[in-house]
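Participant: One structure, as C-alpha cells, below. Some questions next.
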Amino acid sequence: MESSERSPRVRRMKMLDRITSDPNICLGQPTIRGKRITVSFILKLLASDLSVREIVASYPELELEDIQQALNYASWAVSSEEFVTPRSA
C-alpha cells in the first residue's frame, strides 16, 4: 500500500466515494452518485423523523451506504476539516 493511501484525506475520499458534485446537476450541490438526490435532501428526510429503511423504501435508487455517506459528508462539512467533493465523470 502506498503511503498516500494511508493519509486521512485519501481515506476520507474513499469513505465518501458516493458523494459527487457536478455543476450541471442540482446547481453543483453534493449529490448521491450523481443522481438528483442531494445530501441536504437526505438530511432533511432524516430530520423529519424518517428512518433509513423508510428512506430507502421510498427511494429505491438509494442504498443504505448512500445514506451513511450522506451523514459522513455532513459531519465533515460542518467540522473544521477541509473537504472537496470529487466531480462526477
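Only the coordinates and a few stated rules stand behind these numbers; no lab work does. Not measured: the values here are computed from a predicted model. Cβ atoms come from the backbone with ideal geometry, glycine included; neighbour counts cover every protein chain shown.
Participant: What whole-number volume per residue, in cubic angstrom, does the convex hull of the C-alpha atoms of the stretch 20-72 give?
Facilitator: So the per-residue Cα hull volume is 66 Å³.
Participant: Describe numerically, in nm with one decimal, the distance between label points set 7 Å from Cα along Cα→Cβ at LEU27 and at ALA77.
Facilitator: Here the answer is 1.3 nm between the modelled labels.
Participant: Say each of SER58 and ARG36 gets a label point 7 Å from the Cα, pointing the same way as Cα to Cβ; how far apart are those two points in nm?
Facilitator: So the two model labels end up 1.8 nm from each other.
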